[in-house]
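The values are calculated or read from the model by the stated rules, or taken from the named source; none is laboratory data. From a predicted model like this one, the values you see are computed outputs, not experimental measurements. Cβ sites come from the backbone with ideal geometry, for glycine too, and all protein chains shown count toward neighbours.
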């Protein structure tokens, strides 16, 4: 079955999250995804709240910017989510928006090196290992989690460029792609991820690919999608506007290209976020395999 989720955009005030999360679960969608965009809402705090307010809903954080976070903190918070809500949390780490990282004095000279060191250390800590690391950016001295997850948990990374996609294949357990990604872009990403996996000798086992899909329906849908895509440097063929059949077709094209989960992202000016959830669940979901 096609995995289908929806984004709660942090441009909505955090006090709206409870009702939104319960709407997503009540509608029967698979996943709710949250963002940690500067300077709006924290990813871990909102994810913990959404998980606590629901019973079965899976919640993803896409993504935590590694320049903002010591890897030990990332590991402690991730482990806590996985222990409190087994099988329901997905944590994604990534570069973050470099201009925002510069605003807070955290911009790295080599974002790729930082992300690679962070992924190695994070995955090791979550496996329960005791680590001593002397990297360019990550330093640990005999650090181990007292409460690691009892079962292996996947660590995903957000990626767009070819080097980061290869790095994700080499060092992460899955990849999150932005709403600017077309079906051809998903195929390209899959190829680069597999190159990274092969180079690192990680051919065995799955590598989950999650793709955001910018979507809108109703009056002015096409204009709203075009405006959001224009602001994000989208690939040709990204995004969809129209009725449930059009949105379902766009989801199918992404899954056929290699996406395991498609997460519908409402436009920044979506007039009825809860209505968007019900549209996704009641009208789009029945049209998917």
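Here the stretch 254-277 is the region considered, the condition is being surrounded by fewer than 17 Cβ atoms within 10 Å (Cβ to Cβ) and over 16 Å from residue 183 (Cβ atoms), and the residue that is nearest to the chain's Cα centre (by Cα) is 268.
Could you tell me which of the residues 41, 36 is assigned to a loop (DSSP other than H, G, I, E, B) and under 27 Å from residue 255 (Cβ atoms)? Within the list 41, 36, the selection yields 36. Any chance the stretch 78-85 includes a residue that's in a strand (DSSP E or B), in contact (Cβ under 8 Å) with a residue 24 or more places away in the chain and surrounded by 21 or more Cβ atoms within 10 Å (Cβ to Cβ)? The answer is no; no qualifying residue exists. Quick one: in the stretch 202-217, of everything that is modelled with pLDDT of 95 or more and in a loop (DSSP other than H, G, I, E, B), which residue is farthest from residue 256 (Cα to Cα)? Per the stated criteria, the residue is 217.
Select from the stretch 44-75 the residues that are under 15 Å from the mean Cα position of the chain (by Cα), surrounded by 24 or more Cβ atoms within 10 Å (Cβ to Cβ) and not in a strand (DSSP E or B) and list them in ascending order. Correct list: 47, 66.
Any idea which residue in the stretch 25-41 is nearest to the chain's Cα centre (by Cα), counting only those that are at pLDDT 95 or above and over 17 Å from residue 13 (Cα atoms)? The qualifying residue nearest to the chain's Cα centre (by Cα) is 31.
Exactly one residue among 189, 259 is closer than 26 Å to residue 120 by Cα, in contact (Cβ under 8 Å) with a residue 60 or more places away in the chain and in a loop (DSSP other than H, G, I, E, B), and that residue is 259.
Every residue, every condition in (1) at pLDDT 95 or above; (2) buried (at least 17 other Cβ atoms within 10 Å of the Cβ); (3) touching a strand residue (DSSP E or B) at 6+ places or on another chain (Cβ under 7 Å), yes or no:
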site	(1), (2), (3)
142	yes, no, yes
147	yes, no, no
157	yes, yes, yes
163	yes, no, no
167	yes, yes, no
171	yes, yes, no
177	yes, yes, yes
182	yes, yes, no
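For the stretch 154-180, a residue qualifies if it is under 15 Å from the mean Cα position of the chain (by Cα) and either closer than 14 Å to residue 121 by Cα or part of a helix (DSSP H, G or I) (or both), and the qualifying residues are 154, 155, 156, 157, 164, 165, 168, 172, 173.
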